[in-house]
1. Is it the case that residue 74 is closer than 16 Å to residue 120 by Cβ and either touching a Leu at 6+ places or on another chain (Cβ under 7 Å) or surrounded by fewer than 12 Cβ atoms within 10 Å (Cβ to Cβ) (or both)?
2. Give me a count of the residues in the range 32-51 that are crowded, with 16+ Cβ neighbours inside 10 Å and under 16 Å from the mean Cα position of the chain (by Cα).
3. Hey, can you tell me all the residues within the range 50-92 that are within 16 Å of the ligand (Cβ to nearest atom), without any contact (Cβ under 8 Å) to a residue 12 or more places away in the chain and out of contact with any helix residue (DSSP H, G or I) (no Cβ under 9 Å at 6 or more places or on another chain)?
4. For the range 32-48, name all the residues that are near the ligand (Cβ under 8 Å from one of its atoms) and either among the hydroxyl-bearing types (Ser, Thr, Tyr) or at positive phi (or both).
5. Would you please list the contacts, defined by Cβ atoms under 8 Å and residues six or more apart or on different chains, that run from a residue in the range 25-45 that is without any contact (Cβ under 8 Å) to a residue 24 or more places away in the chain and more than 15 Å from residue 62 (Cβ to Cβ) to a residue that is within 11 Å of the ligand (Cβ to nearest atom) and not in a loop (DSSP other than H, G, I, E, B)?
6. Have a look at 89, 115 and point out the one that is at pLDDT 95 or above and closer than 30 Å to residue 49 by Cβ.
Amino acid sequence: MTADTWTPERVRTETLPKRDTWTAIKRGLLGRCPHCGKGRLFGRYLKVVDHCEACGESYSEHRADDLPPYLTIIIVGHIVIPLVLSVQQAYQPPDWVQISIWVPVTLILTLLLLQPIKGGVVGMQWANYMHGFHPHGADDDDRTYRGSPGDKLGG
Ligand SMILES: [Zn+2]
């Protein structure tokens, strides 16, 4: 690596303060600002606030995208499917009983888990300066540092 090669990792490690990923994830899981842990992270159910009411940290550029639903599906599936199979093996109930128990359980678990999981994902992305949280605009998908408006590039 030459001195003028800027990678997102180099920008992250050399110029940006270290952020603790697990602390940020925990705060996000609790619906709190990953930066200060005091302000609310969500305005409505899954709507992330533009900025923290307590510390002013901006969250308008978060890009949780589809990761929270993917993780929620994986977790809920690993809870509900073993329970369905256990009940089936132990009691052999009619299908309508199984359906009338597990469809609501699946919906309720999904709705309960989506917000904390999204909060954890936003916290993880914030702590690692991912996507829109990177102050220089570098991205995980883009290994080229293009500079920020304040940089003097070229001659
Ligand atoms: Zn805050």
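1. Yes: the conditions hold for residue 74.
2. 9
3. 50, 51, 56
4. Residue satisfying the conditions is 37 alone.
5. 37/27; 38/32
6. Testing whether each residue is at pLDDT 95 or above and closer than 30 Å to residue 49 by Cβ leaves just 115.
The values are calculated or read from the model by the stated rules, or taken from the named source; none is laboratory data. Bear in mind that the values here come from a model prediction, so they are computed numbers and not experimental data. Using ideal geometry, Cβ is built from the backbone for each residue, glycine included, and neighbour counts are taken over all protein chains shown.
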